[in-house]
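Each value in this text was obtained by applying a stated rule to the coordinates, not by laboratory testing. The model shown is predicted, which means the values in this text are computed figures rather than measured ones. Positions of Cβ are backbone-derived with ideal geometry, glycine not excepted, and every protein chain shown enters the neighbour counts.
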Amino acid sequence: MKRQFKVGEVSKLFMIPQSTLRYYDEIGLFQPSETDPENQYRYYSVDQFVVLDTIIFLRKNGFTLKDIKAQLDQRTPQNTKVLLEKKLQEVQEEIQRMKRVAMKIEGKLSTIDEGLELVEEPGLFIKYYPRRPITFLYYNEPIDLIDELGDLYVQEMEQLSSPSMEYNGFFSGDIGTMVDEASLDGRTRLKYKGVFELHHGEAWKEEQAYLEEGWYACYPYKGSYASIKEGYDTLLHELEREAYERIGPLIEIAMLDDSIVLDPEDYVTVIAVRISR
């Protein structure tokens, strides 16, 4: 049985670049067992393969070279256990993060599908919604979002810039607003007293804000935000005609917005309000 292998042979056996083996040699992580004094060929022994296999396993699973070297230099069952337990915790945290990412993607896909369906069949509809958790990005004095959305976005980004905060971008969430009803009567643009992110599939926490469960009258408005007051006029007219009583704030949920479509005239926004039946 062959007992010694050149760098190229080890590279082929373990499918690892020769440059990586040479680098491991330079930093003292994995060095040849013997070097021929005449031709300077480096040879690895079969006995070293277990160590190399360990390095490859740890490297592929996210361990740093520093951690790997420390482990190999002082490897004991206790040290190995501590190292693996730490990595296991990191992996489990990453799994939970990826589950949250998957949930957000599923929610976004559902929103897009619903938005496309509403384009095909526009008109008032009544729908029951369970309690929906939200996070307010703004809830204060009424503002003109067309003028002030940029500043609001920057403020929110600054709050999320802490290393302890997880930022996944707003693309993956549904953004909603609460209109200032006093601005519906004027000729100026609408103002809004609240901006929030709607959380799909997440359990409501006691301290968290939410949209009340119940029956909602909904009207899908297709068009730019600058002319969305037309959608409110249609919704309120239909509610009066059908004699529905409003029992909650008027809200908007962006279904197809500028993160999805290019032309503002193709935006789809659901204007909704909770009603009694």
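Assorted remarks:
- Selection of trypsin sites (Lys or Arg not before Pro), the stretch 5-75, meeting DSSP coil and at most 15 other Cβ within 10 Å: Arg75
- Of the residues Ile68, Gln48, Thr35, the one whose Cα sits farthest toward the positive end of the charge dipole of the stretch 4-75, with +1 on the Cβ of Lys and Arg and -1 on the Cβ of Asp and Glu, is Ile68.
- Student exercise, the chain dipole from Lys, Arg, Asp, Glu Cβ charges, in Debye to nearest 20: 1780 debye
- For the stretch 4-75, relative contact order (Cα pairs under 8 Å, six or more residues apart, normalised by length) works out to 26 percent.
- Estimated from helices alone, the mean residue ellipticity of the chain at 222 nm is -13500 deg cm²/dmol (sum of -39500 (n - 2.57) over DSSP H runs with n ≥ 4, per residue).
- Reported value for the stretch 60-111: 70 Å³ per residue, from the convex hull of its C-alpha atoms.
- A compact globular protein would have a Cα radius of gyration near 2.2 N^0.38 Å; the ratio found for the chain is 1.60.
- A crude spin-label estimate for the pair His237 and Asp113, with each label 7 Å from Cα along the Cβ direction, gives 3.3 nm.
- Near Tyr129: Cβ cut-off under 14 Å, other residues only, Lys/Arg at +1 and Asp/Glu at -1. The net charge is +1.
- Rel. contact order, % - alpha carbon contacts under 8 angstrom, at least six apart, the chain: 17 percent
- Using a Förster distance of 25 Å, the FRET efficiency for Glu94-Phe14 (Cβ separation, nearest 0.05): 0.45
- Taking a ≥ b ≥ c as the square roots of the eigenvalues of the Cα gyration tensor, the stretch 96-135 is classed as oblate, since a/c reaches at least 1.5 and a/b does not exceed b/c.
- Our summary of shape: the Cα atoms of the stretch 4-75 have principal axis extents of 37, 23, 21 Å, ordered from largest down, in whole angstrom.
- Spacing of the modelled spin labels on Glu106 and Ser276, each 7 Å from Cα toward Cβ, amounts to 3.7 nm.
- Per-residue Cβ neighbour rank within 10 angstrom, fewest leading, Asp174, Asp263: Asp263, Asp174
- Listed by number, the DSSP H helices of the chain that run 27 Å or longer by alpha-carbon position along their axis and have mean Kyte hydropathy of at least -1.0 are 77-120.
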